[in-house]
Amino acid sequence: MSRKPALFAALAALVSALLAAGYVLRDAPRIRQGAALYQSHCASCHGADLEGQPDWQIPDDNGILPAPPHDASGHTWHHGDAMLRDYIRLGGQAVLDDLGANSRSGMPAFGETLSAEEIDAILAFIKSGWPADLRRHQAKASRPN
């Protein structure tokens, strides 16, 4: 029986872990700032550990979806930075309305509360918890077309 698949899997896991560590080390001050801001402004809805609210994919009685997780189990990593920044700055409903989406969001606007740099720090913190492959996927979604 060949050990190559197991060796390849172990090597891939090691490379992914090193890339993740490099990301965190490179942006450590901004991630620390983002973690504090996240706890102050986001954790009450999205969870202290980025876990989101229970049944986040099921609208409530008012048709509003609960706050989603920002960890790898959620969909935050599917969206580019521009959309994520707008969602935080303008609030979810404003962004959904601009997109012509037929859904409702309870996400408040933080544009009067958080600076662009603080929003970027929060996003850096959120991204720091994602595996390297999800960060790469999200980085591609962030590139201009």
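The values are calculated or read from the model by the stated rules, or taken from the named source; none is laboratory data. Note that the structure is a prediction, hence the values are computed from the model and not measured. When we count neighbours, we look across all protein chains shown, and the Cβ atoms used for this are built from the backbone with ideal geometry, even at glycine. For the accessible areas, the whole protein counts, side chains as well, though only heavy atoms, and no ligand, DNA or RNA atoms are used. Shrake-Rupley method; radii C 1.70, N 1.55, O 1.52, S 1.80 Å.
Tabulated results
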item: Conditions (1) in contact with a Ser or Thr (Cβ under 6 Å, 6 or more places away or on another chain); (2) over 19 Å from Ile88 (Cα atoms): number failed by Asp60; result: (1)
item: Close pairs from region 91-118: first among the acidic types (Asp, Glu), partner open to solvent by 80 Å² or more (accessible area, probe 1.4 Å) and not in a loop (DSSP other than H, G, I, E, B), Cβ under 6 Å, at least 6 apart; result: none
item: Long-range neighbours under 7 Å by Cβ, at least six apart or interchain, first residue in contact (Cβ under 8 Å) with a residue 12 or more places away in the chain within region 129-140, second in a helix (DSSP H, G or I) and open to solvent by 80 Å² or more (accessible area, probe 1.4 Å); result: Ala132/Leu19
item: Residue match in region 56-65 (condition: among the β-branched types (Val, Ile, Thr), over 19 Å from Ala124 (Cβ atoms), at pLDDT 65 or above and over 18 Å from the mean Cα position of the chain (by Cα)); result: yes
item: Those residues of region 66-98 which are more than 9 Å from the chain's Cα centre (by Cα) and of a type in the set (S, T, N, Q), in sequence order; result: Ser73, Gln93
item: Looking only at region 1-29, and only at residues there that are open to solvent by 80 Å² or more (accessible area, probe 1.4 Å) and among the hydrophobic types (A, V, I, L, M, F, W, C), the one that is modelled with the lowest pLDDT; result: Leu18
